[in-house]
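Asks: Sending over a structure as C-alpha coordinates; questions will come in a sec.
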Amino acid sequence: MKALLKKTIFILPATILLIACGNKEKQQALAEHVSTTPSTSKHLAIEKPQLTFGFIKLTDMAPLAIAKEKGFFEDEGLFVSVEAQSNWKNVLDRVIDGQLDGSHMLAGQPIAAGAGFGRQAELVTPFSMDLNGNGITVSNDVWDKMKPNVPTDSDGKPIHPIKADALKPVIESYKKEGKAFKMGMVFPVSTHNYEIRYWLAAAGINPGMYTADNVQGQIDAEVLLSVTPPPQMPATLEAGTIYGYCVGEPWNQQAVFKGIGVPVVTNYDIWKNNPEKVFVMTKKFVEDNPNTAIAVTKALIRAGQWLDEPSNRAEAVKILSMSQYVGADEAVIANSMTGTFEFEKGDKRDMPDFNVFYKYNATYPFYSDGIWFLTQMRRWGQIPEAKPANWYSETIKDIYRPDIWKKAAALLVEEGHIPATDIPQTDGFKPATSDFIDGTIYDAKKPIEYINSFSIGNKDETIQ
(Lines give C-alpha, C1' and ligand atoms only; values in the text may rest on other atoms or scores of the structure.)
Protein backbone atom coordinates (compact mmCIF):
# COMPACT_ATOMS: atom_id res chain seq x y z
CA MET A 1 0.00 0.00 0.00
CA LYS A 2 2.86 2.35 0.82
CA ALA A 3 4.46 1.73 -2.57
CA LEU A 4 1.11 2.14 -4.33
CA LEU A 5 0.45 5.45 -2.57
CA LYS A 6 3.90 6.71 -3.51
CA LYS A 7 3.33 5.64 -7.09
CA THR A 8 0.04 7.51 -7.27
CA ILE A 9 1.57 10.66 -5.79
CA PHE A 10 4.48 10.58 -8.24
CA ILE A 11 2.74 9.42 -11.39
CA LEU A 12 -0.45 11.53 -11.40
CA PRO A 13 1.28 14.91 -11.76
CA ALA A 14 3.76 13.37 -14.17
CA THR A 15 0.94 12.03 -16.32
CA ILE A 16 -0.65 15.47 -16.49
CA LEU A 17 2.69 16.85 -17.62
CA LEU A 18 3.04 14.22 -20.31
CA ILE A 19 -0.43 14.90 -21.70
CA ALA A 20 0.38 18.59 -21.88
CA CYS A 21 3.64 18.08 -23.73
CA GLY A 22 4.46 17.00 -27.27
CA ASN A 23 6.22 13.68 -27.87
CA LYS A 24 9.68 15.23 -28.10
CA GLU A 25 9.20 16.99 -24.80
CA LYS A 26 7.79 14.05 -22.80
CA GLN A 27 11.01 12.61 -21.44
CA GLN A 28 12.47 16.05 -20.65
CA ALA A 29 9.30 17.15 -18.86
CA LEU A 30 9.16 13.97 -16.80
CA ALA A 31 12.87 14.22 -15.93
CA GLU A 32 12.46 17.83 -14.78
CA HIS A 33 9.37 16.92 -12.76
CA VAL A 34 11.03 13.98 -11.02
CA SER A 35 14.22 15.91 -10.29
CA THR A 36 12.17 18.43 -8.33
CA THR A 37 9.90 15.90 -6.64
CA PRO A 38 10.70 15.40 -2.94
CA SER A 39 12.07 11.96 -2.10
CA THR A 40 14.74 10.38 0.06
CA SER A 41 17.22 11.04 -2.76
CA LYS A 42 17.75 14.79 -2.42
CA HIS A 43 21.18 14.89 -4.02
CA LEU A 44 20.50 13.63 -7.54
CA ALA A 45 18.83 15.11 -10.61
CA ILE A 46 17.67 12.05 -12.51
CA GLU A 47 18.45 12.22 -16.23
CA LYS A 48 16.24 9.29 -17.24
CA PRO A 49 13.45 8.43 -14.79
CA GLN A 50 11.60 5.88 -16.96
CA LEU A 51 13.61 2.67 -17.20
CA THR A 52 13.14 -0.90 -18.41
CA PHE A 53 15.22 -3.68 -16.86
CA GLY A 54 15.46 -7.35 -17.82
CA PHE A 55 15.88 -10.56 -15.88
CA ILE A 56 15.78 -14.35 -16.18
CA LYS A 57 13.36 -16.30 -14.00
CA LEU A 58 15.71 -17.19 -11.15
CA THR A 59 15.51 -16.40 -7.46
CA ASP A 60 18.69 -14.33 -7.67
CA MET A 61 16.82 -11.68 -9.64
CA ALA A 62 15.27 -10.84 -6.26
CA PRO A 63 16.94 -7.42 -5.76
CA LEU A 64 15.15 -6.13 -8.87
CA ALA A 65 11.76 -7.44 -7.75
CA ILE A 66 12.20 -6.12 -4.22
CA ALA A 67 13.46 -2.70 -5.32
CA LYS A 68 10.30 -2.37 -7.39
CA GLU A 69 7.75 -3.92 -5.02
CA LYS A 70 9.03 -2.21 -1.85
CA GLY A 71 9.24 1.21 -3.48
CA PHE A 72 13.03 1.61 -3.39
CA PHE A 73 13.16 2.61 -7.05
CA GLU A 74 10.38 5.14 -6.47
CA ASP A 75 12.24 6.59 -3.50
CA GLU A 76 14.95 7.52 -6.00
CA GLY A 77 12.50 9.10 -8.46
CA LEU A 78 12.70 6.13 -10.82
CA PHE A 79 9.78 4.52 -12.67
CA VAL A 80 10.98 1.04 -13.51
CA SER A 81 9.48 -1.76 -15.61
CA VAL A 82 10.98 -5.19 -14.93
CA GLU A 83 10.57 -7.68 -17.77
CA ALA A 84 11.37 -11.41 -17.96
CA GLN A 85 13.62 -12.43 -20.87
CA SER A 86 13.77 -15.75 -22.73
CA ASN A 87 17.48 -16.58 -22.37
CA TRP A 88 20.86 -15.10 -21.49
CA LYS A 89 21.82 -14.31 -25.09
CA ASN A 90 18.63 -12.31 -25.47
CA VAL A 91 19.44 -10.43 -22.26
CA LEU A 92 22.90 -9.50 -23.52
CA ASP A 93 21.71 -8.48 -26.98
CA ARG A 94 18.86 -6.32 -25.69
CA VAL A 95 21.10 -4.41 -23.28
CA ILE A 96 23.75 -3.83 -25.95
CA ASP A 97 21.12 -2.76 -28.49
CA GLY A 98 19.48 -0.35 -26.03
CA GLN A 99 16.14 -2.15 -25.79
CA LEU A 100 16.83 -2.61 -22.09
CA ASP A 101 18.38 0.09 -19.90
CA GLY A 102 20.00 -2.56 -17.73
CA SER A 103 19.58 -6.15 -16.64
CA HIS A 104 20.18 -8.97 -14.21
CA MET A 105 23.03 -10.77 -15.96
CA LEU A 106 25.55 -13.56 -15.62
CA ALA A 107 28.72 -12.13 -14.12
CA GLY A 108 30.72 -13.53 -17.02
CA GLN A 109 28.67 -11.77 -19.71
CA PRO A 110 29.91 -8.18 -19.36
CA ILE A 111 33.41 -9.54 -18.75
CA ALA A 112 33.42 -11.66 -21.91
CA ALA A 113 31.96 -8.73 -23.86
CA GLY A 114 34.98 -6.64 -22.88
CA ALA A 115 37.61 -9.38 -23.05
CA GLY A 116 37.20 -10.65 -26.60
CA PHE A 117 34.94 -13.70 -26.28
CA GLY A 118 31.52 -13.63 -27.97
CA ARG A 119 29.70 -10.42 -28.85
CA GLN A 120 31.82 -7.40 -27.97
CA ALA A 121 30.52 -4.27 -26.24
CA GLU A 122 31.42 -1.81 -23.49
CA LEU A 123 29.34 -2.89 -20.50
CA VAL A 124 29.70 -1.98 -16.84
CA THR A 125 28.79 -3.62 -13.57
CA PRO A 126 28.18 -1.24 -10.62
CA PHE A 127 26.35 -3.80 -8.46
CA SER A 128 26.81 -7.47 -7.60
CA MET A 129 23.41 -9.07 -7.06
CA ASP A 130 24.22 -12.01 -4.80
CA LEU A 131 26.55 -14.71 -3.54
CA ASN A 132 26.08 -18.47 -3.99
CA GLY A 133 22.66 -19.71 -5.13
CA ASN A 134 23.54 -22.49 -7.62
CA GLY A 135 23.56 -26.27 -7.44
CA ILE A 136 24.51 -29.31 -9.51
CA THR A 137 21.71 -31.83 -9.95
CA VAL A 138 21.86 -35.32 -11.47
CA SER A 139 19.09 -37.63 -12.64
CA ASN A 140 17.72 -40.27 -10.28
CA ASP A 141 19.44 -43.00 -12.31
CA VAL A 142 22.82 -41.30 -12.14
CA TRP A 143 22.38 -40.65 -8.41
CA ASP A 144 21.59 -44.33 -7.78
CA LYS A 145 24.89 -45.19 -9.49
CA MET A 146 26.83 -42.46 -7.65
CA LYS A 147 25.46 -43.25 -4.21
CA PRO A 148 27.63 -46.33 -3.48
CA ASN A 149 30.68 -44.10 -4.02
CA VAL A 150 29.53 -41.42 -1.55
CA PRO A 151 30.73 -41.54 2.09
CA THR A 152 27.93 -41.61 4.68
CA ASP A 153 27.59 -40.55 8.31
CA SER A 154 26.46 -42.70 11.25
CA ASP A 155 22.83 -42.21 10.22
CA GLY A 156 23.52 -43.38 6.69
CA LYS A 157 23.12 -39.93 5.15
CA PRO A 158 25.54 -38.74 2.46
CA ILE A 159 28.40 -36.60 3.76
CA HIS A 160 28.49 -33.25 2.00
CA PRO A 161 30.05 -31.74 0.03
CA ILE A 162 29.89 -34.57 -2.49
CA LYS A 163 32.87 -34.46 -4.82
CA ALA A 164 32.78 -35.46 -8.46
CA ASP A 165 34.99 -38.42 -7.55
CA ALA A 166 31.70 -40.22 -6.90
CA LEU A 167 30.58 -39.47 -10.46
CA LYS A 168 33.79 -40.59 -12.18
CA PRO A 169 33.00 -44.36 -12.18
CA VAL A 170 29.54 -43.61 -13.55
CA ILE A 171 31.00 -41.64 -16.44
CA GLU A 172 33.44 -44.48 -17.13
CA SER A 173 30.56 -46.99 -17.21
CA TYR A 174 28.70 -44.86 -19.76
CA LYS A 175 31.85 -44.68 -21.86
CA LYS A 176 32.20 -48.48 -21.85
CA GLU A 177 28.62 -48.69 -23.08
CA GLY A 178 29.46 -46.30 -25.91
CA LYS A 179 27.28 -43.52 -24.47
CA ALA A 180 28.39 -39.91 -24.15
CA PHE A 181 27.79 -38.44 -20.70
CA LYS A 182 25.86 -35.21 -21.19
CA MET A 183 25.25 -32.40 -18.70
CA GLY A 184 23.73 -28.94 -18.99
CA MET A 185 24.80 -25.45 -18.00
CA VAL A 186 23.13 -22.15 -18.81
CA PHE A 187 25.64 -20.22 -20.96
CA PRO A 188 29.28 -20.52 -22.10
CA VAL A 189 30.44 -17.66 -19.82
CA SER A 190 28.10 -18.42 -16.94
CA THR A 191 29.23 -19.09 -13.40
CA HIS A 192 27.47 -22.43 -13.85
CA ASN A 193 29.75 -23.45 -16.72
CA TYR A 194 32.87 -22.62 -14.74
CA GLU A 195 31.54 -24.18 -11.53
CA ILE A 196 30.60 -27.50 -13.10
CA ARG A 197 33.94 -27.53 -14.94
CA TYR A 198 35.77 -26.78 -11.68
CA TRP A 199 33.87 -29.53 -9.83
CA LEU A 200 34.53 -32.12 -12.55
CA ALA A 201 38.18 -31.16 -13.06
CA ALA A 202 38.90 -31.33 -9.32
CA ALA A 203 38.09 -35.06 -9.59
CA GLY A 204 40.22 -35.58 -12.70
CA ILE A 205 37.29 -35.48 -15.12
CA ASN A 206 38.00 -33.48 -18.29
CA PRO A 207 35.04 -31.21 -19.16
CA GLY A 208 36.62 -30.18 -22.48
CA MET A 209 38.42 -27.22 -23.96
CA TYR A 210 37.29 -24.34 -26.17
CA THR A 211 39.02 -23.50 -29.44
CA ALA A 212 38.22 -21.20 -32.33
CA ASP A 213 36.80 -24.22 -34.16
CA ASN A 214 34.99 -25.73 -31.18
CA VAL A 215 32.88 -23.05 -29.53
CA GLN A 216 30.98 -25.76 -27.64
CA GLY A 217 34.07 -26.37 -25.49
CA GLN A 218 34.09 -30.12 -26.01
CA ILE A 219 37.66 -30.82 -27.16
CA ASP A 220 38.86 -34.00 -25.33
CA ALA A 221 35.76 -33.85 -23.10
CA GLU A 222 34.78 -36.78 -20.90
CA VAL A 223 31.54 -34.92 -20.11
CA LEU A 224 29.74 -33.09 -22.91
CA LEU A 225 28.43 -29.77 -21.59
CA SER A 226 25.67 -27.99 -23.50
CA VAL A 227 23.58 -24.85 -23.03
CA THR A 228 20.02 -25.09 -21.69
CA PRO A 229 17.98 -22.07 -20.45
CA PRO A 230 17.42 -22.29 -16.66
CA PRO A 231 13.61 -22.81 -16.61
CA GLN A 232 13.97 -25.67 -19.12
CA MET A 233 16.53 -27.63 -17.10
CA PRO A 234 14.13 -29.96 -15.22
CA ALA A 235 12.16 -30.87 -18.36
CA THR A 236 15.37 -31.50 -20.31
CA LEU A 237 16.62 -33.76 -17.51
CA GLU A 238 13.30 -35.60 -17.34
CA ALA A 239 13.37 -36.17 -21.09
CA GLY A 240 16.79 -37.82 -20.79
CA THR A 241 18.49 -35.32 -23.08
CA ILE A 242 20.98 -34.57 -20.30
CA TYR A 243 21.94 -36.57 -17.20
CA GLY A 244 22.62 -33.64 -14.93
CA TYR A 245 23.00 -29.87 -14.85
CA CYS A 246 24.29 -26.83 -13.02
CA VAL A 247 21.72 -24.06 -12.53
CA GLY A 248 20.41 -21.48 -10.09
CA GLU A 249 17.28 -21.81 -8.03
CA PRO A 250 14.49 -22.73 -8.06
CA TRP A 251 15.39 -25.22 -10.77
CA ASN A 252 17.40 -27.63 -8.59
CA GLN A 253 14.62 -27.74 -6.02
CA GLN A 254 12.09 -28.17 -8.82
CA ALA A 255 13.82 -31.45 -9.73
CA VAL A 256 13.46 -32.59 -6.11
CA PHE A 257 9.78 -31.65 -5.98
CA LYS A 258 9.09 -33.40 -9.28
CA GLY A 259 11.02 -36.47 -8.14
CA ILE A 260 13.22 -36.50 -11.25
CA GLY A 261 16.63 -35.62 -9.85
CA VAL A 262 18.91 -35.09 -6.85
CA PRO A 263 21.11 -32.04 -6.19
CA VAL A 264 24.53 -33.34 -5.15
CA VAL A 265 26.51 -30.17 -4.45
CA THR A 266 25.97 -26.42 -4.22
CA ASN A 267 28.29 -23.71 -5.47
CA TYR A 268 28.75 -22.62 -1.85
CA ASP A 269 30.68 -25.89 -1.49
CA ILE A 270 32.60 -25.45 -4.74
CA TRP A 271 33.68 -21.89 -3.83
CA LYS A 272 32.44 -20.54 -0.50
CA ASN A 273 30.58 -17.23 -0.89
CA ASN A 274 31.28 -16.98 -4.59
CA PRO A 275 29.86 -14.12 -6.69
CA GLU A 276 26.91 -15.01 -8.89
CA LYS A 277 24.80 -12.51 -10.91
CA VAL A 278 25.47 -8.83 -11.52
CA PHE A 279 23.47 -5.82 -12.67
CA VAL A 280 24.71 -4.49 -16.00
CA MET A 281 24.30 -1.32 -18.05
CA THR A 282 26.19 -0.07 -21.09
CA LYS A 283 29.11 2.27 -20.56
CA LYS A 284 27.31 4.80 -22.76
CA PHE A 285 24.19 4.68 -20.58
CA VAL A 286 26.24 5.36 -17.46
CA GLU A 287 28.14 8.20 -19.12
CA ASP A 288 24.92 9.78 -20.42
CA ASN A 289 22.98 9.20 -17.18
CA PRO A 290 25.46 9.19 -14.29
CA ASN A 291 22.95 10.22 -11.60
CA THR A 292 20.44 7.65 -12.83
CA ALA A 293 23.10 4.93 -12.57
CA ILE A 294 23.86 5.95 -8.99
CA ALA A 295 20.15 6.08 -8.10
CA VAL A 296 19.55 2.60 -9.53
CA THR A 297 22.50 1.29 -7.53
CA LYS A 298 21.15 2.90 -4.36
CA ALA A 299 17.79 1.20 -4.79
CA LEU A 300 19.39 -2.18 -5.43
CA ILE A 301 21.69 -1.91 -2.40
CA ARG A 302 18.63 -1.22 -0.24
CA ALA A 303 16.87 -4.21 -1.79
CA GLY A 304 19.81 -6.47 -0.98
CA GLN A 305 19.84 -5.22 2.59
CA TRP A 306 16.09 -5.85 2.91
CA LEU A 307 16.45 -9.35 1.50
CA ASP A 308 19.11 -10.37 4.01
CA GLU A 309 16.88 -9.57 6.96
CA PRO A 310 15.69 -13.13 7.82
CA SER A 311 12.21 -11.92 8.82
CA ASN A 312 11.70 -10.64 5.26
CA ARG A 313 12.46 -13.87 3.41
CA ALA A 314 8.92 -15.27 3.62
CA GLU A 315 7.57 -12.10 2.02
CA ALA A 316 10.32 -12.24 -0.58
CA VAL A 317 9.27 -15.79 -1.47
CA LYS A 318 5.68 -14.62 -2.03
CA ILE A 319 6.86 -11.79 -4.25
CA LEU A 320 9.17 -14.03 -6.29
CA SER A 321 6.42 -16.61 -6.79
CA MET A 322 4.35 -14.01 -8.66
CA SER A 323 3.99 -14.83 -12.36
CA GLN A 324 5.74 -11.64 -13.48
CA TYR A 325 8.87 -12.65 -11.58
CA VAL A 326 10.05 -16.25 -11.06
CA GLY A 327 6.57 -17.76 -11.15
CA ALA A 328 7.44 -21.03 -9.38
CA ASP A 329 5.48 -22.44 -6.44
CA GLU A 330 6.14 -20.74 -3.12
CA ALA A 331 7.15 -24.06 -1.54
CA VAL A 332 9.80 -24.65 -4.22
CA ILE A 333 11.29 -21.17 -3.85
CA ALA A 334 11.14 -21.31 -0.05
CA ASN A 335 13.12 -24.55 -0.01
CA SER A 336 16.33 -22.65 -0.71
CA MET A 337 15.41 -19.02 0.05
CA THR A 338 14.57 -19.52 3.72
CA GLY A 339 17.83 -20.96 5.02
CA THR A 340 17.54 -24.59 3.98
CA PHE A 341 18.37 -26.73 0.96
CA GLU A 342 16.91 -30.12 0.08
CA PHE A 343 19.12 -32.73 -1.52
CA GLU A 344 17.53 -36.18 -1.72
CA LYS A 345 13.81 -35.93 -1.13
CA GLY A 346 13.36 -35.60 2.63
CA ASP A 347 17.05 -34.76 3.19
CA LYS A 348 16.61 -31.07 3.95
CA ARG A 349 19.62 -29.42 5.56
CA ASP A 350 20.30 -26.03 7.09
CA MET A 351 22.11 -23.76 4.65
CA PRO A 352 21.66 -20.19 5.86
CA ASP A 353 24.10 -18.75 3.32
CA PHE A 354 22.80 -20.51 0.24
CA ASN A 355 21.34 -17.17 -0.92
CA VAL A 356 23.22 -14.05 0.22
CA PHE A 357 22.17 -10.63 -1.04
CA TYR A 358 23.91 -8.18 1.30
CA LYS A 359 26.11 -9.84 3.94
CA TYR A 360 29.83 -10.24 3.32
CA ASN A 361 29.78 -7.14 1.05
CA ALA A 362 27.74 -9.16 -1.43
CA THR A 363 26.60 -6.10 -3.40
CA TYR A 364 30.10 -4.68 -3.93
CA PRO A 365 31.64 -5.35 -7.38
CA PHE A 366 35.08 -6.61 -6.37
CA TYR A 367 37.76 -6.57 -9.07
CA SER A 368 39.03 -9.88 -7.69
CA ASP A 369 35.69 -11.56 -8.42
CA GLY A 370 35.79 -10.40 -12.02
CA ILE A 371 39.39 -11.54 -12.45
CA TRP A 372 38.38 -15.05 -11.39
CA PHE A 373 36.05 -15.21 -14.39
CA LEU A 374 38.88 -14.07 -16.67
CA THR A 375 41.13 -16.84 -15.29
CA GLN A 376 38.47 -19.43 -16.06
CA MET A 377 38.00 -18.09 -19.59
CA ARG A 378 41.75 -18.45 -20.07
CA ARG A 379 41.89 -21.83 -18.34
CA TRP A 380 39.33 -23.38 -20.70
CA GLY A 381 40.50 -21.75 -23.90
CA GLN A 382 37.83 -19.07 -24.37
CA ILE A 383 40.70 -16.56 -24.18
CA PRO A 384 43.07 -18.39 -26.55
CA GLU A 385 46.27 -16.37 -26.19
CA ALA A 386 48.58 -15.67 -23.28
CA LYS A 387 48.07 -12.35 -21.51
CA PRO A 388 50.43 -10.51 -19.16
CA ALA A 389 49.42 -10.42 -15.50
CA ASN A 390 48.47 -6.74 -15.57
CA TRP A 391 46.03 -7.37 -18.45
CA TYR A 392 43.63 -9.06 -16.03
CA SER A 393 43.34 -6.14 -13.63
CA GLU A 394 43.32 -3.52 -16.39
CA THR A 395 40.55 -5.33 -18.24
CA ILE A 396 38.30 -5.75 -15.23
CA LYS A 397 38.67 -2.13 -14.11
CA ASP A 398 36.93 -1.05 -17.32
CA ILE A 399 33.96 -3.31 -16.51
CA TYR A 400 33.52 -3.52 -12.74
CA ARG A 401 32.71 -0.07 -11.34
CA PRO A 402 33.02 0.07 -7.55
CA ASP A 403 33.28 3.87 -7.89
CA ILE A 404 29.57 4.02 -8.81
CA TRP A 405 28.73 1.67 -5.94
CA LYS A 406 30.67 3.82 -3.46
CA LYS A 407 28.89 7.01 -4.53
CA ALA A 408 25.54 5.26 -4.08
CA ALA A 409 26.52 3.79 -0.72
CA ALA A 410 27.83 7.13 0.58
CA LEU A 411 24.46 8.72 -0.14
CA LEU A 412 22.68 5.86 1.62
CA VAL A 413 24.87 6.40 4.67
CA GLU A 414 24.07 10.12 4.61
CA GLU A 415 20.36 9.34 4.37
CA GLY A 416 20.53 6.86 7.24
CA HIS A 417 19.69 3.75 5.25
CA ILE A 418 22.93 1.85 5.84
CA PRO A 419 25.76 2.23 8.40
CA ALA A 420 29.13 3.54 7.23
CA THR A 421 30.69 0.27 8.39
CA ASP A 422 28.93 -1.50 5.51
CA ILE A 423 31.20 0.22 2.99
CA PRO A 424 34.23 -2.06 2.49
CA GLN A 425 37.65 -0.49 2.96
CA THR A 426 39.34 -2.09 -0.01
CA ASP A 427 41.30 -1.44 -3.17
CA GLY A 428 38.79 -3.68 -4.94
CA PHE A 429 40.64 -6.91 -4.24
CA LYS A 430 39.73 -9.57 -1.69
CA PRO A 431 42.53 -11.34 0.18
CA ALA A 432 43.83 -14.60 -1.29
CA THR A 433 41.54 -17.48 -0.36
CA SER A 434 41.50 -21.29 -0.36
CA ASP A 435 37.72 -21.58 -0.02
CA PHE A 436 37.50 -23.99 -2.97
CA ILE A 437 36.42 -27.62 -3.04
CA ASP A 438 39.96 -28.68 -4.01
CA GLY A 439 41.72 -26.28 -1.63
CA THR A 440 43.40 -24.33 -4.45
CA ILE A 441 44.59 -20.89 -3.36
CA TYR A 442 43.17 -18.05 -5.44
CA ASP A 443 45.02 -14.75 -5.44
CA ALA A 444 43.50 -12.26 -7.89
CA LYS A 445 46.76 -10.30 -7.95
CA LYS A 446 48.57 -13.38 -9.31
CA PRO A 447 46.22 -14.61 -12.06
CA ILE A 448 48.82 -16.46 -14.14
CA GLU A 449 50.08 -18.45 -11.15
CA TYR A 450 46.48 -19.34 -10.34
CA ILE A 451 45.77 -20.56 -13.87
CA ASN A 452 48.95 -22.61 -13.89
CA SER A 453 47.92 -24.40 -10.69
CA PHE A 454 45.50 -26.53 -12.73
CA SER A 455 46.17 -29.54 -14.91
CA ILE A 456 42.89 -30.94 -16.23
CA GLY A 457 42.41 -29.91 -19.84
CA ASN A 458 45.85 -28.34 -20.03
CA LYS A 459 47.70 -31.51 -21.03
CA ASP A 460 51.41 -30.93 -20.49
CA GLU A 461 51.31 -27.31 -21.59
CA THR A 462 51.79 -24.32 -19.35
CA ILE A 463 49.01 -21.78 -19.76
CA GLN A 464 49.92 -18.14 -19.34
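The values are calculated or read from the model by the stated rules, or taken from the named source; none is laboratory data. Fair warning: this is a prediction, and the values are worked out from it, not measured in the lab. Keep in mind that these areas ignore ligands, DNA and RNA; they rest on the heavy atoms of the full protein, side chains included. Shrake-Rupley method; radii C 1.70, N 1.55, O 1.52, S 1.80 Å.
Asks: Express the carbon and sulfur contribution to the solvent-accessible surface of the stretch 69-204 as a percent, rounded to the nearest whole number, probe 1.4 angstrom.
Replies: With neighbouring chains kept in place, the figure for the stretch 69-204 is 46 percent.
Asks: Hey, what's the chain come to in accessible area per residue, 1.4 Å probe, Å²?
Replies: Working: 18280 Å² over 464 residues.
For the chain, the solvent-accessible area averages 39 Å² per residue.
Asks: How many percent of all Cα-Cα pairs in the stretch 321-446 sit more than 20 Å apart?
Replies: Details: 4946 of 7875 pairs.
Result: 63 percent of Cα pairs exceed 20 Å.
Asks: Could you tell me, in Å, what Rg and Dmax come out for the Cα atoms of the stretch 125-168?
Replies: Looking at the stretch 125-168, its Cα Rg and Dmax stand at 14.9, 47 Å.
Asks: Right, another one. So what is the orientation-averaged projected area of the stretch 169-281, using the convex hull of its C-alpha atoms, in nm²?
Replies: Values: hull surface 33.3 nm².
Approximately 8.3 nm², given one-decimal rounding.
Asks: Which value, in nm² and rounded to one decimal, describes the direction-averaged projected area of the C-alpha convex hull of the chain? Don't skip to the end; give the middle numbers.
Replies: Values: hull surface 88.8 nm².
Here the figure is 22.2 nm², rounded to one decimal.
Asks: Now a separate question. Viscosity 1.002 mPa s, temperature 20 °C: Stokes-Einstein D of the stretch 213-259 from its Kirkwood Cα radius, in µm² per second? Can you show the working numbers first?
Replies: Working: Rh = 11.7 Å.
Roughly 182 µm²/s, to the nearest whole number.
Asks: Also, quick follow-up: What is the chain's relative contact order, in percent, from Cα pairs under 8 angstrom and six or more apart in sequence? Don't jump to the answer; show the numbers that get you there.
Replies: Working: 895 pairs, mean separation 95.9, N = 464.
This gives 21 percent for the chain.
Asks: Roughly speaking, to the nearest percent, how much of the stretch 337-420's 1.4 Å accessible area is carbon and sulfur?
Replies: Details: 1540 of 3110 Å².
Reported share for carbon and sulfur atoms: 50 percent.
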